[in-house]
Amino acid sequence: LLLRWRRRRGLWKKVEEARRRQERSLVQMETAVQRFREQHPSVNAVSILSLPLPELSKKLRDGSLPLEHVFYAYVGKALQIAIETNCITEYLQESETQVRKAKLTEKLGLLYGVPVSIKDSIDCEGHDSTLGFIKNINKPAAEDSVVVQVLRRQGAIPFVKTNVPQSLISYDCKNLIFGQTFNPLLYTRSPGGSSGGEGALVGGGGSILGFGTDVGGSLRFPAAFCGICALKPTGNRLRYREPPAMNVLFWSLPVVAAVGPMAKDVESLALCMRALLCEDMFNLDSTVPPLPFNEEVYASTQPLRIGYYETDFFTMPSPAMRRAVREAKQMLEDAGHTLVPFELTNVDYMMFNFCVRGMFADGGASFLKKFKGELEKSSMGVFFWLAKSPSWLKTLLSWIAKPFHLLMSFIGFLSFFSTVDEVWSLHHEIEEFCYQFVAQWKKLNLDVMLCPMLGPALGIGYPGKLSVAVSYTMLYNVLDFPVGVVPVTVVTDEDEEELKGYKGYFRDWWDRTLAKAFRGSAGLPVAVQCVALPWQEELCLRFMKEVEAL
């Protein structure tokens, strides 16, 4: 007991140290901004913050806007949003030195002088990538991840790192080290996750361009919940080189992770992709295919043939979600595009067999190992208990839970594979699923797809209870398709009234909880997903731009 007490005390000391570092970061930001304002009292930060990224970038490159004015305008705004939402974990103080050095640069990259924010899990040299784990405190990265290196070479200035949920396997944003991050639009709501700190900072206007990762919707949830845009590219179109802490989270990973940008508008995402898809990216990581940004595809005005669906028949959409797709469909048709119904099947099997059983193919043993010695197990207590249970107990519980379809499936698929042959069979099934999906896409001769996005933002604490609601986003990680999120409407009083009749497809505890999580959301943004086939990010962005304009 004494040894256990000493170990826990040591862990709490590390947590307190990390929190003090976070507090020091905010003080450093405040001091830097105050010093700059005293030296330059006439700078209009509001006008700088109102500029869209393409215009801001142009002014920085032609010298009509000084780097320091832009940098400290965003540091000041980021500080304000951090105090309101608790989204920043660390200030990268060396960014001030980078600003001074950038003025001496002759070769100006596409993102010259642009301040950018970086998700906690993406390595920045000399700074921790904690993933919300105490064991990762005081383990600074030895070098920048590939995407950060390319950003620096393009002139961008990474200036803060942002909060994440513990282990990243959540679409909320809370961990024991840095606490809960709040939605800048409504503090009682979650900002989404796992790139929740980025969503809150960009959504609140404290960053003009942010970078996160996506293994099941981790870019798209924060974008949708905070009313901004995001792009999840094909898994290998961009690379960020996962931190060592990430490498052993899963024993088998048929669900493909991706790194991507978040911004207020689609044109900013396109500018970012132009900058990143360059020789530096291809040379630094040879696994990235040398495909530069295709301007012709992005700039095309040819009418599109667009597939669409209003529901996946697994998670019943909220009235606002369904209306968002219908209104976008009607506007696209009125603009001259062709809309074709697309039918989804077996989403429940995809969710539990491909995602849950695929990601935790060893019964969750590798995942559990990462939590060993941690002070808390996030909000996944039931999952941990099930993962540690013997196979006979899982079988028994699965049989008892038969009347509750989702619970039975979850318990049944959280069993480990007993042979390597079973693992190979699963991967073959996933390949077959992807082949059938693409075949249906080709049969309908589609260019892109319009889909629902879970929303509006759920109340704090609800995402942990509703992990099954990731079906709309997880599908495109399994397929490894590029997909973007664009806000298109807000929840109305009529949506709220219609929500009173929401029952869900299974009419179980999860459906009732989701209905509660949706309530009281009038005025909050609702988004749609825009999807393209693998390696067609430019077409995806072109479609997003069309939806945004309409």
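Quick rundown of the values:
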item	result
Ranked order, 424, 441 - accessible area, probe 1.4 Å, largest first	424, 441
Taking N as its residue count, the alpha carbon Rg of the stretch 188-327 over 2.2 N^0.38 Å	1.16
Distant-in-sequence amide H partners of residue 524 (H built 1.01 Å from N, under 5 Å)	491
Gyration tensor verdict on the stretch 449-550 (Cα atoms; rounded if a/c is under 1.5, prolate if a/b is larger than b/c, oblate otherwise)	oblate
Accessible surface of residue 349 - all protein chains present, 1.4 Å probe, nearest 10 Å²	90
Calculated over the stretch 20-114: convex hull of Cα atoms, volume per residue (Å³)	105
Longest to shortest principal axis, alpha-carbon extents of the stretch 127-274, angstrom	38, 35, 31
Two-decimal Rg to Rh for the chain - Kirkwood Rh, Cα set	0.96
Projected-area average for the stretch 97-157 over all orientations - Cα convex hull basis, square nanometres	4.4
Inter-label distance for residue 333 and residue 21, nm, one decimal - labels placed 7 Å from Cα along Cα-to-Cβ	5.5
Solvent-accessible area of residue 510 with every protein chain in place, 1.4 Å probe, in Å² to the nearest 10	40
Mean projected area in nm² (Cα convex hull; one quarter of hull surface) for the stretch 132-189	5.6
Dimensionless Rg over Rh [the stretch 68-109; C-alpha; Kirkwood]	1.08
Solvent-accessible area per residue for the stretch 18-293 (1.4 angstrom probe, square angstrom)	33
Two-site FRET efficiency, residue 424 against residue 313, from Cβ-Cβ distance with R₀ of 25 Å, rounded to 0.05	0.30
Long-range amide H partners of residue 119 with built H, under 5 Å	162, 211
Beta bridge orientation in the stretch 18-293: antiparallel %, DSSP, nearest 5	60
Listed residue pairs exceeding 30 Å between alpha carbons, taken from 232/370; 13/370; 372/516; 58/161; 372/465	372/516
By accessible area with a 1.4 Å probe, ligands and nucleic acids excluded, highest first: order of 214, 421	421, 214
All Cα pairs of the stretch 65-168, percent lying beyond 21 Å	36
Percent antiparallel among DSSP beta bridges (both partners in the chain, rounded to 5)	65
log10 of Debye I(q)/I(0), alpha-carbon scatterers only, for the stretch 18-293 at 0.12, 0.13, 0.17 Å⁻¹	-0.66, -0.78, -1.42
For residue 508, solvent-accessible area (1.4 Å; no DNA, RNA or ligand), Å²	20
Rounded percent of accessible protein surface that carbon and sulfur make up, the chain, 1.4 Å probe	55
Separation of the residue 362 and residue 64 label points, Cα + 7 Å toward Cβ, nm	5.7
The chain - mean residue ellipticity at 222 nm from DSSP helices (-39,500 (n - 2.57) per run, n ≥ 4, rounded to 500)	-13500 deg cm²/dmol
Segment residue 287-residue 44, extension gain: residue separation times 0.36 nm, minus the distance between their alpha carbons	83.1 nm
Computed lengthening from residue 12 to residue 100, 0.36 nm per intervening residue step minus Cα-Cα distance	27.9 nm
Pair residue 37, residue 498: separation of 7 Å Cα→Cβ label points (nm)	4.5
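The values are calculated or read from the model by the stated rules, or taken from the named source; none is laboratory data. What you see is a predicted model; the values in this text were computed from it and never measured. Cβ: placed from backbone, ideal geometry, glycine included. Neighbour counts: every protein chain shown. These accessible areas exclude ligands, DNA and RNA; they are computed on the full protein's heavy atoms, side chains included. Shrake-Rupley method; radii C 1.70, N 1.55, O 1.52, S 1.80 Å.
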